[in-house]
Amino acid sequence: MSGHVFHPGHSDLHGVTVVLETDTGVLYVGRYHEETAAGVLLHDAAEHQPAPGGTTAQAFVEKTLKFGVRAAHRNIVVPAASVRRVSRLVDWTAA
């Protein structure tokens, strides 16, 4: 059902696995819970740190799509000021 929110009062992304991109290039993949003034709360989130010669964000997301989220954080709040973009994992494309 389009536009249906399982938990009334929550965002359409509530409970959806998302890719959260930050202005520093760090990428998180986890279940979206909510966004508050403090930031975006994700559950069971994996983290990708950009590094010269390391795995690209694209490769990280492709591996996550293939094998699932390898959670590094049970719960993490990403500060709102650093959030650049939030996309559904299945819809994500590199910017």
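The values are calculated or read from the model by the stated rules, or taken from the named source; none is laboratory data. Note that the coordinates shown come from a computational prediction; the quantities given were computed from them, not determined experimentally. Because the Cβ atoms are built from the backbone with ideal geometry, glycine has one as well, and the counts that use them run over all protein chains shown.
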* To do: Quickly run through segment 19-46 and pick out the residues that are of a type in the set (Ser, Thr, Tyr) and surrounded by fewer than 22 Cβ atoms within 10 Å (Cβ to Cβ).
  => THR22, THR24, THR36
* Please find, within segment 39-64, the residue that is farthest from THR17 (Cα to Cα) out of those that are among the charged types (D, E, K, R) and under 12 Å from the mean Cα position of the chain (by Cα). => GLU47
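State all residues of segment 34-56 that are among the aliphatic types (A, V, I, L, M) and either modelled with pLDDT of 95 or more or at positive phi (or both); if no residue qualifies, say none. Explain how you work it out, then say what you get.
In the first step, residues of segment 34-56 are kept if they are among the aliphatic types (A, V, I, L, M); the result is 37-38, 40-42, 45-46, 51.
The answer is VAL40, LEU41, LEU42, ALA45, ALA46.
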* To do: Hey, can you tell me all the residues within segment 28-59 that are out of contact with any Lys or Arg (no Cβ under 9 Å at 6 or more places or on another chain), without any contact (Cβ under 8 Å) to a residue 40 or more places away in the chain and of a type in the set (A, V, I, L, M, F, W, C)?
  => LEU41, ALA51, ALA57, ALA59
* Positions within segment 46-65 being small (Gly, Ala, Ser) and farther than 21 Å from TYR32 by Cβ, in sequence order -> ALA51, GLY53, GLY54, ALA59
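Which one is surrounded by the fewest Cβ atoms within 10 Å (Cβ to Cβ) among residues in segment 60-95 that are assigned to a loop (DSSP other than H, G, I, E, B) and without any contact (Cβ under 8 Å) to a residue 24 or more places away in the chain?
Just the residues of segment 60-95 that are assigned to a loop (DSSP other than H, G, I, E, B), to begin with: 68-72, 92-95.
With the extra rule that they be without any contact (Cβ under 8 Å) to a residue 24 or more places away in the chain, the set shrinks to 68, 93.
On the way: GLY68: 11, THR93: 8.
Top of the filtered list is THR93.
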